[in-house]
Amino acid sequence: MKPTLPKILLMGLLVNAAITPVLYAATGSVIPRGTAYALGLLGIVVVGLAIYLVVVIVQPEKF
Amino acid sequence: MRQPTLPLKQPGGPREQRKHTPKPDKTDLYKRACIEAFRKLDPRVMVKNPVMFVVWVGTVITALLTVNPTLFGPTDGDGAAVYNALITLILFLTVLFANFAEAVAEGRGKAQADALRSTRSDTVARRLLANGSIEEVSSTSLRRGDRIKVVAGDLIPVDGEVIEGVASVDESAITGESAPVLKEPGSDVASSVTGGTRIISDELILQVTSDPGKGFIDRMIALVEGAERTKTPNEIALTVLLAVLTLVFLIVVATLPPPANYVNSPVGITILIALLVALIPTTIGGLLSAIGIAGMDRVAQFNVVATSGRAVEACGDINTLVLDKTGTITLGNRLAEEFIPVNGHSLEEVALVALAASVFDTTPEGKSIVRLAEKLGATVSFNKDEAEGVEFSARTRMSGTNLPNGNEARKGAVDAIRGFVRSRGGTAPAELDQAYERVSRLGGTPLAVCQNSDIYGVIYLKDIIKPGIKERFDQLRRMGVRTVMLTGDNRITASVIAAEAGVDDFIAEATPEDKIHVIQTEQAQGKLVAMTGDGTNDAPALAQANVGLAMNSGTQAAKEAANMVDLDSDPTKLIDLVTIGKQLLMTRGALTTFSLANDIAKYFAIIPAMFAAAGIGALNVMGLSSPRTAVLSALIYNALIIPALIPLALKGIQFRPLTANQLLQRNILIYGLGGIIAPFVAIKVIDVGVSAITSF
């Protein structure tokens with residue numbers, strides 16, 4: 001399956017849907033639910049950037 | 001009187017001293033670059049530049065935080081939205097400036113491509129059919145192998161090889177040289193024509209050598225436009241380095257919140273993004289592609305077409321230059337200076353035989369012999385129509401005339417003439433060797449003159465070394481580039497010229513095969529070799545060399561084998577190309593050093609600001625007013641340094657003929673130390689300004 005932008009976004013949201021409840025539960029309701037979703041997404045963006053940079057390091061000629 | 005020398009610091013000397021270059025229209029360059037900079041914000045384009053893509057993602061996140069400052073949790077202090085908006089704006093400008101740098105560099109290539117494109121138009125061509133008749137077809141329907149007829153006034157529709165006719169062709173559309181060039185079949189250097197040039201006299205029958213869209217001009221357009229631009233090995237290595245640095249800083253910044261919370265100094269997401277952007281090498285990340293494109297552009301402006309950026313870069317890494325003597329080290333035309341009689345003959349007799357042997361010789365050397373002989377009173381005493389010219393060949397190494405009375409007048413290499421005389425039953429006198437040696441020791445080329453079995457004397461062909469060439473070779477030596485001169489001359493002449501010109505090594509009595517042999521020997525020692533060539537027999541050596549520069553006047557085979565084509569057909573340009581290549585590498589190295597050195601000052605600006613609550617105020621060495629102004633100042637500096645360095649990236653740093661070690665020391669001093677000091681001063685100045693106009 002070729003990873004296209006919509007597919008990547010969908011995967012990110014699905015993963016976030018799994019992460020956020022864990023994050024929300026772990027913080028003991030200190031942060032609002034919306035913030036938990038936002039932080040989950042931010043975490044995914046950071047991990048996504050890290051993966052992207054690893055790909056650049058491995059296949060620099062494609063960039 | 002002192003002869004003028006070429007300026008040492010600028011390749012090829014001042015622009016006005018060089019031949020005319022086709023000048024692209026650059027009026028709307030900056031306007032178009034601004035529009036292009038916005039177009040490049042498309043994430044599919046941004047993703048090609050890892051450092052700037054990270055900044056782009058950071059900009060999107062800070063933009064979201066501007067709309068909703070509490071998106072990732074509660075914020076401290078007032079005016080968070082305005083502050084986030086300012087950070088967003090600065091980050092956005094950083095990305096935009098980087099895009100602008102690339103767009104300006106690309107725009108210069110595109111303008112040149114447009115200038116070339118205007119020469120390529122769909123015209124009507126006269127195709128010759130098998131039965132000899134002519135049909136008029138569109139030039140786009142011509143295929144390789146077709147035969148066409150072009151007459152005076154026609155635009156030559158495609159690249160081709162002359163198979164019949166002699167005509168003058170105006171090649172100014174591609175070379176900029178306004179003097180027409182004579183084209184004729186069978187000749188090694190004048191038989192190929194380029195599509196887009198104009199025939200201005202007579203007519204030619206051509207054999208098409210390229211399919212539509214694959215001609216010389218099409219390739220040139222694709223190259224200068226950057227359509228075929230692939231990353232060079234150095235660029236790839238630097239991309240990896242930049243990506244590694246970015247990844248390391250991303251991990252550092254992403255893992256910073258826990259220790260920050262531990263020291264009771266929680267850090268907001270905006271500040272974390274600001275720190276990340278300040279630490280990753282945005283300056284070089286933003287300018288990297290512009291430097292590469294500008295390097296290609298400099299070569300193109302020099303009227304040289306490079307097949308790839310790789311070739312331009314390879315020029316900078318060259319260890320050995322293999323140069324032909326004639327045309328490169330010495331002025332092309334050797335002129336007859338003196339006749340030296342031997343064997344008891346008088347000067348007049350030598351002049352008479354030399355004239356007889358040269359009447360059919362149309363080379364500049366031959367014509368100069370005729371002039372000198374006529375000056376000495378010699379006249380042609382036979383009917384030229386009944387005589388027969390014997391052409392020079394690399395095998396016989398002599399030329400001459402078969403006279404109507406059966407006599408054979410010959411002139412050529414001393415050994416060749418000695419062999420000729422022996423074959424006619426004669427012997428060479430001892431004085432011949434003395435004359436040969438005398439001429440050779442003067443750095444001239446000795447040509448022996450004989451008639452039948454009798455040697456009459458020696459012609460002294462004077463070679464003039466190009467002014468300033470010795471300084472250029474000295475320059476190359478200081479840069480660690482070895483020069484090897486190849487010449488068909490004898491050892492003594494070659495050694496005199498080599499010593500006078502200051503080349504490191506020479507190969508006398510060289511054959512085309514020697515060229516490839518020299519290249520292979522040097523390459524076996526791990527060296528990179530550059531050479532020039534124009535003939536079909538140079539093609540294997542041009543392909544073997546790391547940088548092969550073919551002359552535009554050369555054959556199609558030579559041009560295809562080489563990775564660069566010089567439109568002005570000036571072999572001396574190879575030396576300039578080495579300096580352009582080195583300049584490209586030096587510019588990239590200098591800006592990378594500067595970009596990385598900048599991090600130190602930014603670190604000192606942002607870290608004390610981030611951990612202000614943790615009692616590390618002593619690290620605020622710049623005495624910045626507040627944590628917020630410190631972060632803003634560092635980011636403003638980070639953004640402004642990119643447009644400030646665009647001119648340097650496009651123009652390249654000033655070229656200096658120094659060794660690699662000297663260059664490294666110099667670069668570390670200027671761009672390393674300068675890169676540490678400059679941001680300290682600049683960030684402090686910006687901070688004073690920002691704190692004066694804002695209440696942060």
By average C-beta atoms within 10 angstrom, highest first, the peptides B:129-139, B:686-696, B:337-347: B:337-347, B:686-696, B:129-139
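Of A:Lys2/B:Lys602; B:Lys462/B:Lys515; B:Lys527/B:Lys573; B:Lys375/B:Lys573; B:Lys149/B:Lys466; B:Lys183/B:Lys582, which sit over 31 Å apart, Cα to Cα?
A:Lys2/B:Lys602; B:Lys375/B:Lys573; B:Lys149/B:Lys466; B:Lys183/B:Lys582
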Relative intensity, log₁₀ I(q)/I(0), of the protein assembly as shown from a Debye sum that treats every alpha carbon as a point, q = 0.05, 0.06 Å⁻¹: -0.38, -0.52
Farthest positive-ward along chain B dipole, Cα basis, beta-carbon charges - from B:Val299, B:Pro180, B:Thr427: B:Val299
Using a 7 Å offset from Cα along Cα-Cβ at A:Lys62, what residues in the stretch A:1-44 end up with backbone N under 19 Å from the label point? A:1-12
Calculated FRET efficiency for the pair A:Val55/B:Arg424, C-beta based, R₀ 60 Å, to 0.05: 0.20
Rounded to the nearest 0.05, FRET efficiency between B:Val681 and B:Leu376 (Cβ-Cβ, R0 56 Å) equals 0.15
Expressed as a rounded percentage, what relative contact order does chain B have, with Cα pairs under 8 Å and six or more residues apart? 14
Nitroxide proxy distance, nm - points 7 Å out along Cα→Cβ at A:Ala17 and B:Glu161: 6.8
So how strong a dipole does the protein assembly as shown carry about its Cα centre when Lys and Arg Cβ are +1 and Asp and Glu Cβ are -1, to the nearest 20 debye? 2680
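Take the Cβ-Cβ distance between B:Thr255 and B:Gln523 as r, set R0 to 41 Å, and report the resulting FRET efficiency rounded to the nearest 0.05. Don't jump to the answer; show the numbers that get you there.
Values: r = 48 Å, r/R0 = 1.18.
Rounded to the nearest 0.05, the efficiency is 0.25.
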Please report how far the C-alpha centroid of the stretch B:235-286 lies from that of the stretch A:1-40, rounded to the nearest whole angstrom. 22
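Out of all Cα-Cα pairs in the stretch B:458-525, roughly what percent, to the nearest whole number, are more than 21 Å apart?
Working: 718 of 2278 pairs.
Result: 32 percent of Cα pairs exceed 21 Å.
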How large is ³J(HN,Hα), in whole Hz, for each residue of the stretch B:337-353 in order, when computed from phi with the Karplus curve 6.51 cos²θ - 1.76 cosθ + 1.60 and θ = phi - 60°, using x for Gly and Pro? 10, 7, 9, 10, x, 9, 6, x, 7, 8, 4, 5, 5, 4, 4, 4, 5
Using every alpha carbon pair in chain A, what percent of pairs falls into each 10 Å bin from 0 up to the bin containing the largest distance? 21, 40, 26, 12, 2
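What number comes out for the charge environment of B:Pro647, summing +1 per Lys or Arg and -1 per Asp or Glu over other residues with Cβ under 14 Å away? Show your work: numbers first, answer last.
Values: positive: B:Arg108, B:Arg298, B:Lys651; negative: B:Asp297.
Once positives and negatives cancel, what remains is +2.
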Helix B:29-39 axis, angle to chain B major axis (alpha carbon atoms, nearest 10°): 50
Quick one: 3J(HN,Hα) in Hz for the stretch B:203-208, Karplus 6.51/-1.76/1.60 with θ = phi - 60°, rounded, Gly and Pro as x. 8, 9, 9, 10, 9, 5
Got a sec to turn the phi values of the stretch B:512-522 into Karplus ³J(HN,Hα) couplings, 6.51 cos²θ - 1.76 cosθ + 1.60 with θ = phi - 60°, whole Hz, x for Gly and Pro? x, 5, 4, 4, 5, 5, 4, 4, 5, 4, 5
So for the protein assembly as shown, taking the charge dipole from beta-carbon charges (+1 Lys/Arg, -1 Asp/Glu), which of B:Ile464, B:Ser210, B:Thr326 sits furthest toward the positive end? B:Ser210
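When the gyration tensor of chain B is built from Cα positions, what are the square roots of 5 times its three eigenvalues, in whole Å, from largest to smallest? Write out the running numbers ahead of the final one.
On the way: eigenvalues 846, 179, 62 Å².
Three semi-axes, in Å: 65, 30, 18.
Using DSSP to define loop residues, name the trypsin sites (Lys or Arg not before Pro) in the stretch B:343-432 whose beta-carbon has at most 14 other beta-carbon atoms within 10 Å. Intermediate values should be presented prior to the final figure.
Numbers: sites: B:Lys367, B:Arg371, B:Lys375, B:Lys384, B:Arg395, B:Arg397, B:Arg410, B:Lys411, B:Arg418, B:Arg422, B:Arg424; in loops: B:Lys384, B:Arg395, B:Arg397, B:Arg424.
The qualifying sites are B:Lys384, B:Arg395, B:Arg424.
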In the stretch B:51-91, whose amide N lies under 20 Å from the spot 7 Å out along Cα-to-Cβ of B:Cys34? List them in ranges. B:89-91
Dividing the Cα convex hull volume of the stretch B:519-661 by residue count, how many Å³ per residue is that? 167
Roughly how large, in nm² to one decimal, is the mean projection of the convex hull of the alpha-carbon atoms in the stretch B:408-498? 6.3
How many Cβ atoms of partner chains, on average, are near each residue of A:49-59 if near means within 10 Å of its Cβ? 6
Among B:Leu591, B:Pro74, B:Ile90, flag the residue with its Cα farthest along the positive direction of the charge dipole of the protein assembly as shown, charges on Cβ as +1 for Lys/Arg and -1 for Asp/Glu. B:Pro74
A:Lys7: which lysines have alpha carbons under 24 Å from its alpha carbon, excluding same-chain residues fewer than 8 sequence positions away? A:Lys62, B:Lys40, B:Lys48
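Taken together, the values in this text are just the output of simple stated rules run on the coordinates, not laboratory data. Fair warning: this is a prediction, and the values are worked out from it, not measured in the lab. Cβ: placed from backbone, ideal geometry, glycine included. Neighbour counts: every protein chain shown.
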